[in-house]
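The values are calculated or read from the model by the stated rules, or taken from the named source; none is laboratory data. Note that the coordinates shown come from a computational prediction; the quantities given were computed from them, not determined experimentally. Backbone-built Cβ (ideal geometry, glycine too); neighbour counts: all protein chains shown. These area figures cover heavy atoms from the full protein model, side chains too; ligands, DNA and RNA do not enter into them. Shrake-Rupley method; radii C 1.70, N 1.55, O 1.52, S 1.80 Å.
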Amino acid sequence: MAKLEKYGEVPGVDKKIPRIVQGVIQVKVNEEDKGFALLDAAFERGITAIDTARIYGTSDRFIGKWMKARDNREQVTVLAKGSHHNDVRKRVTPYDIGTDLHDTLAHMQVEYVDLYVLHRDDPDYPVEPIVDALNQFVREGKIRAFGGSNWTAARLQEANDYAARSGQIGFAVSSPNFSLADQVKEPWADCISISGPRNEIERGWYARTRMPIFAWSSMAGGFWSGRFTRENIGDEHSDYFNKLVQQCYNSEDNFRRLDRVKELGERKGLTIPQVALAWVLNFPLNLFALVGSANETELDANVAAANLTLTAQEIDYLDLRADSPE
């Protein structure tokens with residue numbers, strides 16, 4: 001059994017954080033045997049960080065049960081998300097932030113979460129009360145650090161400029177979409193991606209600031225599973241994620257990237273998902289990947305991919321920015 005070799009740090013969190021963060025959206029609270037075995041296996045491989053969100057249903061309760069049963073709260077980094085919009089309004093106010101945070105703490109039966117990430121943004125709402133509220137929760141010991149998911153670089157900079165002026169701490173992390181596959185359409189409303197040629201300026205901000213990025217959907221909703229080809233992607237699909245891939249990642253450039261992923265994978269003895277994940281974690285930014293490994297086989301494959309080193313030339317080749325991997 002291989003162990004994860006690559007870790008990083010986040011200001012305010014006094015734990016080393018694995019470059020792979022285990023997602024649990026697929027785990028149900030009443031499937032303890034299956035879920036506990038999955039998290040035990042991840043933990044044994046060095047994946048000691050877990051991603052959850054209020055909108056994921058019972059995952060908070062499940063994580064809390066597992067940590068209590070294993071008595072390992074201080075060894076686990078919990079990335080919890082809140083303030084997702086609903087069908088009535090956007091929910092990025094101090095009230096909503098506090099409501100979701102306190103519900104998360106109560107469901108997990110813990111006193112704090114390591115990283116608290118706002119699941120969405122509302123660009124029409126001022127950053128000042130958001131930063132003030134999050135800092136209050138840091139002072140109360142309920143969170144160690146905070147960040148934003150689906151926030152633009154401009155909004156993150158605006159928030160951190162205010163934090164600096166007011167003598168407070170700013171956003172420590174960001175969680176946008178980032179994948180070798182470029183989205184042709186956003187999968188859900190109010191999503192932010194930093195993938196693809198059109199987001200080079202956005203990536204430049206992350207290169208300058210070195211803000212840690214916790215990338216969601218690095219596997220592009222399953223585009224990198226190996227199931228999709230130019231011939232079958234237009235077929236009728238009943239599965240939700242199959243439809244998502246068809247609508248959001250069906251482009252000739254993405255299939256050209258897929259051709260190159262297959263080619264490089266065959267040369268290195270790696271699968272398509274492994275090459276795609278290795279590309280993300282080797283990209284020259286401060287990157288972590290949120291990955292929902294479903295079993296020990298996937299855990300082992302993802303750990304191997306995370307431990308792999310790709311050259312700058314290989315990275316550019318896979319992303320169509322070089323004609324050869326050498």
Over the stretch 1-55, the quotient of the Cα radius of gyration and 2.2 N^0.38 Å is 1.23
When the C-alpha atoms of the stretch 228-323 are aligned to their principal axes, what extent does each axis show, in angstrom, from largest down?
-> 38, 36, 26
Mean accessible area per residue over the stretch 95-250 (1.4 angstrom probe, all protein chains present, square angstrom) is 42 Å²
When DSSP assigns beta bridges and you keep just the ones with both residues in the chain, what percent turn out antiparallel, to the nearest 5?
-> 10 percent
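Determine, for each peptide in 32-42, 5-15, the mean count of other beta carbons within 10 angstrom over its residues, then list the peptides with the highest first.
On the way: 32-42: 17.0, 5-15: 15.0.
Those peptides, ordered most packed to least, come out 32-42, 5-15.
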Determine the dipole magnitude for the stretch 56-133: charges of +1 sit on the beta-carbon of Lys and Arg, -1 on that of Asp and Glu, nothing else is charged, the reference point is the Cα centre, and the result goes in debye to the nearest 20.
-> 440 debye
Farthest toward the dipole's positive end in the stretch 34-160, which of Ala80, Leu134, Ala154, given Cβ charges of +1 (Lys, Arg) and -1 (Asp, Glu) about the Cα centre?
-> Ala80
Quick one: pull the percent of accessible area on the chain belonging to carbon and sulfur, 1.4 Å probe, ligands and nucleic acids left out.
-> 50 percent
Fraction of the pair-distance distribution of the chain above 23 Å, Cα-Cα pairs, percent | 58 percent
What is the Cα coordinate range of the stretch 30-92 on the first, second and third principal axes, sorted by size from largest, in whole angstrom?
-> 41, 23, 18
Cα axis of helix 59-70 to longest principal axis of the chain: angle in degrees, 0 to 90, nearest 10?
-> 80 degrees
For the stretch 176-237, average projected area of the Cα convex hull in nm² | 5.1 nm²
Alpha-carbon Debye profile of the stretch 27-153, log10 I(q)/I(0) at 0.12, 0.14 Å⁻¹ | -0.45, -0.61
Residue-averaged [θ]222 nm for the chain, counting only DSSP H segments that reach four residues, each worth -39500 (n - 2.57) | -12500 deg cm²/dmol
May I ask you to derive the FRET efficiency for Lys15 and Arg227 from their Cβ-Cβ distance with R0 = 25 Å, giving the value to the nearest 0.05?
-> 0.10
Any idea of the accessible area per residue across the stretch 42-86, 1.4 Å probe, to the nearest Å²?
-> 36 Å²
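Expressed as a whole percent, how much of the Cα-Cα distance distribution for the stretch 199-284 exceeds 19 Å?
For the stretch 199-284, the share of Cα pairs beyond 19 Å comes to 47 percent.
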Estimated dipole of the chain in Debye, rounded to 20 [Cβ of Lys and Arg +1, of Asp and Glu -1, Cα centre] = 440 debye
When you count, for each residue, the other Cβ atoms within 10 Å and take the mean per peptide, how do 246-255, 73-82 rank with the highest first?
-> 73-82, 246-255
Ranking His107, Trp188, Gly226 by how far each Cα lies towards the positive end of the charge dipole of the chain (+1 on Lys and Arg Cβ, -1 on Asp and Glu Cβ), the top one is His107
Provide the packing ranking of 295-302, 153-160, i.e. peptides ordered by the mean count of other C-beta atoms within 10 Å per residue, highest first.
-> 153-160, 295-302
Nearest 10 degrees, 0 to 90: helix 272-282 Cα axis against the chain principal axis = 50 degrees
Provide the FRET efficiency to the nearest 0.05 for the Lys243-Trp188 pair, computing r from the beta carbons and using R0 = 22 Å.
-> 0.95
Given charges of +1 on the Cβ of Lys and Arg and -1 on the Cβ of Asp and Glu, with all other atoms neutral, how large is the dipole of the stretch 190-267 about its Cα centre, in debye to the nearest 20?
-> 420 debye
Assuming R0 = 25 Å, can you tell me the calculated FRET efficiency for the pair Ala304 and Gln75, based on Cβ-Cβ distance, to the nearest 0.05?
-> 0.60
